[in-house]
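The values are calculated or read from the model by the stated rules, or taken from the named source; none is laboratory data. As the structure is a computational prediction, the values presented were derived from the model and not from experiment. Virtual Cβ from ideal backbone geometry, glycine too; neighbours counted across all protein chains shown. The protein model used for the area step is the full one, side chains on, heavy atoms only, and it has no ligands, DNA or RNA in it. Shrake-Rupley method; radii C 1.70, N 1.55, O 1.52, S 1.80 Å.
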Amino acid sequence: MNVISIQSQVAYGHVGNSAAVFPMQMHGIDVIAVPTTLLSNRPGYPTIRGRVLDAQLVGDLLLGIEERGAVDTAQMILSGYRGSADNAAVVADFVARAKARNPALAYCCDPVLGDRDRGLFVHADIPPQVADRLCPLADIITPNHFEFEWLCGTRAATIDQVIGAARTLMTRGPSTVVVTSAELADTPAGEIETLAIEGAEAWRVRTPKLPISPNGTGDLFAALLVAKRISG
């Protein structure tokens, strides 16, 4: 089983591919990891070194793995943090090209745009690329609750609103919508939810909401979802 994972990479800590690759490998997946950034650590520390990679370099890396046959043997493309609108455009071009070459190839897009505590935390020109180019190409999207509402352009505070908004979103591309970190009007105190909508079916799972704020959990979740999905 092969997955092409296009995300950020850090030397210190666990976000992006630095959070996603090892869990997928533990599920027996050969991960072809393509970085969009090379950073010393995630933002939030007093200093950060490294940089967002130039779109031309990201494009060259993607072309290189195409030349090695990665598109022909992969079951899924997973994309996460892109770092720039130009990188988002390069990823969109690659996904479209790859799916045309290998129609069995699925694409999971983790939007990575923001969260309810901070709002949008990426450059303003990135969200339109994700909404207009990447999500329509996706088979699966894994937004958190804030990102889901942003992509839908509407508030979704009840289970019926989430399902309705997800199905509207699905008319524009993805066949599966998984909403993480959901807190609805009837979510019990001290719990947090994950909601999945696919076709006529929907699932709702509650877990304890711990008094911590770790980074990289969305990247980890998307990686585990991809691993389980391609393994059946």
* Structure fact -> Computed over the chain, protein heavy atoms only, probe 1.4 angstrom, the accessible area per residue in square angstrom equals 48 Å²
* Just by accessible area at a 1.4 angstrom probe, what is the order of Val226, Val112 from largest to smallest? -> Val112, Val226
* Ranked order, Asp160, Asp139 - accessible area, probe 1.4 Å, largest first -> Asp160, Asp139
* Calculated P(r) of region 168-210 - Cα pairs past 11 Å, % -> 66 percent
* Between exposed trypsin sites (Lys or Arg not before Pro) in the chain, where DSSP calls loop and at most 13 other Cβ atoms lie within 10 Å, what's the longest gap? -> 173-232
* Structure fact -> Kirkwood-based Rg/Rh on the Cα set of region 10-159 evaluates to 0.96
* Alpha carbons only, please: Rg and Dmax for region 1-61, in angstrom. => 12.3, 39
* Structure fact -> Of every hundred units of 1.4 Å-probe accessible area on the chain, the number belonging to carbon and sulfur atoms, as a percent, is 55 percent
